[in-house]
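Remarks on the structure that follows.
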Amino acid sequence: MSTKINEALRLCRVYSDMSAVELKNSIGYSSGFISEIESGKKTPTTQMISKYAEWLGVPVSSLMLFSESICFDYHKTNDVWGDKRYWMTENLKAFLVMIEGNEKVGK
């Protein structure tokens, strides 16, 4: 069962143009474990999330905010700024998924 944080970690890695095999050297986890985390088969620990954030050069809070923004429905809150954040997050997510698709076909 994939969660928002699993998807956020995967999208950040894809955006950084790095395979799970390459990432293992940077964060100290096996590529198989990274794949299980990113696919949602396992839940990342706070230590692993911290390693991703350190590798990305962002605070853990930013990574968590990105993960929360991936699926949150701001339309139900009547929050104008929330709608803008939702729009930006959805477009960023679509862009990252497009990059991942291009990576798979070798473009």
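Placing dummy labels 7 Å off each Cα toward the beta-carbon, the span from Thr43 to Glu90 is 2.9 nm.
Taking 0.36 nm per residue of separation and subtracting the Cα-Cα distance, full extension of the segment from Glu54 to Ser26 would add 9.1 nm.
Each value in this text was obtained by applying a stated rule to the coordinates, not by laboratory testing. Since the model is a prediction, treat every value here as computed from it, not as a measurement. Because the Cβ atoms are built from the backbone with ideal geometry, glycine has one as well, and the counts that use them run over all protein chains shown.
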